[in-house]
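Everything below concerns the one structure shown next.
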Amino acid sequence: MKTTIVLAMHGAPPKDFPRRELGEFFGLSHQLGHSGGQDHAALQDRHRELETMMRAWPRTEANDPYHAAAFRLAEQLRLATADEVVVGFNEFCGPTLDQALDEAAREHPDRIVVVTPMMTRGGGHSEVDIPRSVQAAQERHPGINIRFVWPFEVSEIAAFLAAQVQKHLRGIEEGQ
């Protein structure tokens, strides 16, 4: 059974994105969340324009270490599972999660498994945005079983973090 994994990442603005446009983007985000009225459509258009510009901005390790780390994580996940892994971002960079889901579907896998390193409940992306994208992708690709592997068991998250703490402490004790 062929499985493709979609790694749903948060995203971050690139460090070299023009500050004026970045400020305008966040200002518009705030305005759109708290207003309506006649100018709403114009504000949405400009916000969408800035978002498209930001998502398409060329990324490097220097200007967006989060983006680079997402693709390193995807490669390690591919090696660990032997499945194809496609990366998608909830905001600020491309490809979008919807684009990543469509890319995954183009290879006609039997199933697409969506996973995120956002591990705990309470976040808007994990609780709302990712499930919404998964549902929309399932409607666009009804012949593929698409599932979001989330939420994670809190005890398993704690065990993972505890192991990382112990590894770090051993390094300190060994003088590293």
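The values are calculated or read from the model by the stated rules, or taken from the named source; none is laboratory data. Predicted model only: the values in this text are computed from it and were never measured. Quick reminder, even Gly has a Cβ in these numbers, built from the backbone with ideal geometry, and neighbours come from all protein chains shown.
One table, with the values for the structure above:
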{"quantity": "Some residue of region 75-95 being crowded, with 19+ Cβ neighbours inside 10 Å, out of contact with any Asp or Glu (no Cβ under 9 Å at 6 or more places or on another chain), in contact (Cβ under 8 Å) with a residue 40 or more places away in the chain and under 17 Å from A136 (Cβ atoms)", "calculated": "yes"}
{"quantity": "Residues located in region 1-31, provided they are in a loop (DSSP other than H, G, I, E, B) and either within 19 Å of A137 (Cβ to Cβ) or modelled with pLDDT under 95 (or both)", "calculated": "M1, K2, H10, G11"}
{"quantity": "Long-range neighbours under 7 Å by Cβ, at least six apart or interchain, first residue closer than 11 Å to E21 by Cβ and charged (D, E, K, R) within region 33-51, second in a helix (DSSP H, G or I) and at pLDDT 90 or above", "calculated": "R46/L28; E51/F25"}
{"quantity": "Check on V115, assigned by TED's automatic domain parsing to the domain that holds L101, closer than 24 Å to E75 by Cβ, within 21 Å of the chain's Cα centre (by Cα) and among the β-branched types (V, I, T)", "calculated": "yes"}
{"quantity": "Test for A159: is it closer than 21 Å to L77 by Cβ and free of Cβ contacts under 8 Å to residues at least 24 places away in the same chain", "calculated": "yes"}
{"quantity": "Top-ranked residue of region 120-141 - restricted to ones that are modelled with pLDDT under 95 and not in a helix (DSSP H, G or I), ranked as nearest to M53 (Cα to Cα)", "calculated": "G123"}
{"quantity": "Unmet requirement for R78, which otherwise passes all of (1) basic (K, R); (2) touching a strand residue (DSSP E or B) at 6+ places or on another chain (Cβ under 6 Å); (3) assigned to a loop (DSSP other than H, G, I, E, B)", "calculated": "(3)"}
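Listed here are the residues, each with its yes/no results for (1) hydrophobic (A, V, I, L, M, F, W, C); (2) in contact with a Cys (Cβ under 7 Å, 6 or more places away or on another chain); (3) surrounded by 11 or more Cβ atoms within 10 Å (Cβ to Cβ); (4) in a strand (DSSP E or B).
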residue: E103; (1), (2), (3), (4): no, no, yes, no
residue: M118; (1), (2), (3), (4): yes, no, yes, no
residue: G143; (1), (2), (3), (4): no, no, no, no
residue: I146; (1), (2), (3), (4): yes, no, yes, yes
residue: W150; (1), (2), (3), (4): yes, no, yes, no
